[in-house]
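Here is the structure we will look at, set down as structure tokens.
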Amino acid sequence: MPASLPRPLRKSIPLSGPLRTFRSLRRLLIGLLLLAIVPTGGNARTGWRAHALVVNSLGGALGAAQDKAFFRPFAAQMKVGILRYVWDGDPQPAASHGSGGRAWTVALMEDSTARAACMQGVLLRLGGAPGSADACGVPALREGIALAWDRGRIPVAPHWSDFWNVVRYPGKRGLRKDPRSTLEIALMADGVAPADVYAVLATPDGVARAFRKLSQLRPYIEWWTSPAESARIIGNGSVLMTSAVGGEVTAAGSGQRDVGLQWEQSLDDGLSWGVAPDLDRATRDRARSLLHFMTQPEQVARFASLYHARPDAPSAQPVPMDAAFWQEHLPDLSRRFADWLAAP
């Protein structure tokens, strides 16, 4: 997932057309792209915008699949427009964010972000016990972060230890510009068993160990900040290997490179939908209707047919990312990560 954030692009696409670092919950969203999804029979010029739901998602192939499986059918069925923005995953609702001064309504974010936002009152509580960090998010999907590599240059599937071996495998490496996933990978590359990663990372020595490992690779790192970018840098040959969002790599298909995905010791990251607080009753009801629509079996199956987040093979044993750990430790580790990035 800048000091000055760009406004959304003005261009919209009609219905018939086609994870930046967590800093604080007070950052404004990054509106990189706006898609206007107009209900069938609706008037794109008048009326529908006043009642449109503003949905923030992560873009790329994931956003395109959500359009087809969720947003377009919902807009047609409910006669409600949907404005989809690509953003950086930060849930802080802005008073306005570009197009028409409209604040966001529903947003997709990592579970660790949703938990922190829930406890700080940045998301609408949808149920659960008072004070629970799990009361604000509706589960959306489990996304896999795997090792992607250029098969044309490395014929055999590498592991995270090979990722650090720049002598045997010279070339650039891609990592997420965020402590989440990046520190876990560094520890596994340093020999920590997957089951022990969070126990080690919870200690000062474990944190120091992860950053020492990252320092070994620093000159070779190409940072990515969005799922789509993780697939792009391996697809266009910018890097030899990268941590990457598996669904985006799979969706890219046959591009400029023959890209492989190593799922052993991959990370399994949960994403959830959150609803902005302080919505008027009508908007809140429409947001709840959208969430209900997206959890129906027909829509879930449709989405699964369009976007393959990770393989179904039982041999792929992912490391579940610990949302509770990151809820507690993300502020401190983000500061440590930022200091490490800024160091000479």
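The values are calculated or read from the model by the stated rules, or taken from the named source; none is laboratory data. Source: prediction; values computed, not measured. As a convention, Cβ positions derive from the backbone with ideal geometry for all residues, glycine included, and neighbour counts pool all protein chains shown. Calculation scope for accessible area: heavy atoms of the full protein, side chains included, ligands and nucleic acids excluded. Shrake-Rupley method; radii C 1.70, N 1.55, O 1.52, S 1.80 Å.
When only residues in the range 104-129 that are more than 18 Å from the chain's Cα centre (by Cα) and open to solvent by less than 40 Å² (accessible area, probe 1.4 Å) count, which is modelled with the lowest pLDDT? Walk me through it before giving the result.
Pass one, the range 104-129, residues more than 18 Å from the chain's Cα centre (by Cα): 119-122, 124-129.
Cutting the leftovers down to open to solvent by less than 40 Å² (accessible area, probe 1.4 Å) gives us 122, 124, 127.
Values: V122: 89, L124: 93, G127: 83.
In this case the residue turns out to be G127.
Under the condition of being farther than 15 Å from V106 by Cα and either open to solvent by 50 Å² or more (accessible area, probe 1.4 Å) or among the acidic types (D, E) (or both), the residues counted in the range 132-141 number 1. All conditions but one from (1) out of contact with any Leu (no Cβ under 8 Å at 6 or more places or on another chain); (2) of a type outside the set (D, E, K, R); (3) closer than 16 Å to S266 by Cα; (4) surrounded by fewer than 20 Cβ atoms within 10 Å (Cβ to Cβ) apply to H159; the one that does not is (1).
Just to be sure, is G89 modelled with pLDDT under 90, on the phi > 0 side of the Ramachandran plot, of a type outside the set (D, E, K, R) and open to solvent by 40 Å² or more (accessible area, probe 1.4 Å)? Spell out how you get there, then give the answer.
Values: modelled with pLDDT under 90: yes; on the phi > 0 side of the Ramachandran plot: yes; of a type outside the set (D, E, K, R): yes; open to solvent by 40 Å² or more (accessible area, probe 1.4 Å): no.
No; evaluated as a whole, the condition is false for this residue.
Among residues belonging to the range 59-83 that are open to solvent by less than 10 Å² (accessible area, probe 1.4 Å) and not in a helix (DSSP H, G or I), point out the one that is modelled with the lowest pLDDT. Steps first, please.
We begin by selecting, within the range 59-83, every residue open to solvent by less than 10 Å² (accessible area, probe 1.4 Å); these are 59, 62-63, 65-67, 69, 71, 74-75, 81-83.
Still in the list and also not in a helix (DSSP H, G or I): 59, 81-83.
Details: G59: 88, G81: 92, I82: 94, L83: 93.
Taking the candidates together, the pick is G59.
Given the criteria open to solvent by 50 Å² or more (accessible area, probe 1.4 Å), touching a Phe, Trp or Tyr at 6+ places or on another chain (Cβ under 9 Å) and more than 24 Å from A64 (Cα to Cα), does A202 qualify?
Working: open to solvent by 50 Å² or more (accessible area, probe 1.4 Å): yes; touching a Phe, Trp or Tyr at 6+ places or on another chain (Cβ under 9 Å): yes; more than 24 Å from A64 (Cα to Cα): yes.
Spelling it out, A202 is indeed open to solvent by 50 Å² or more (accessible area, probe 1.4 Å), touching a Phe, Trp or Tyr at 6+ places or on another chain (Cβ under 9 Å) and more than 24 Å from A64 (Cα to Cα).
Okay, residues lined up against (1) charged (D, E, K, R); (2) crowded, with 19+ Cβ neighbours inside 10 Å; (3) assigned to a helix (DSSP H, G or I); (4) at pLDDT below 95:
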| residue | (1), (2), (3), (4) |
| --- | --- |
| N165 | no, no, no, no |
| G171 | no, no, no, no |
| G174 | no, yes, no, no |
| M188 | no, yes, yes, no |
| V197 | no, yes, yes, no |
| W223 | no, no, no, no |
| S230 | no, yes, yes, no |
| S243 | no, yes, no, no |
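Can you go through V259, V300, V319, V239 and tell me which one is touching a Gly at 6+ places or on another chain (Cβ under 9 Å) and either open to solvent by less than 20 Å² (accessible area, probe 1.4 Å) or over 28 Å from Y220 (Cα atoms) (or both)? Among V259, V300, V319, V239, only V239 is touching a Gly at 6+ places or on another chain (Cβ under 9 Å) and either open to solvent by less than 20 Å² (accessible area, probe 1.4 Å) or over 28 Å from Y220 (Cα atoms) (or both).
Taken over the range 268-286, the criterion of being crowded, with 22+ Cβ neighbours inside 10 Å and of a type outside the set (D, E) is satisfied by L271, S272, W273, G274, V275, A276. Within the range 271-278, the presence of at least one residue that is within 30 Å of P158 (Cα to Cα) and either at pLDDT 95 or above or in contact with a helix residue (DSSP H, G or I) (Cβ under 6 Å, 6 or more places away or on another chain) (or both) is confirmed.
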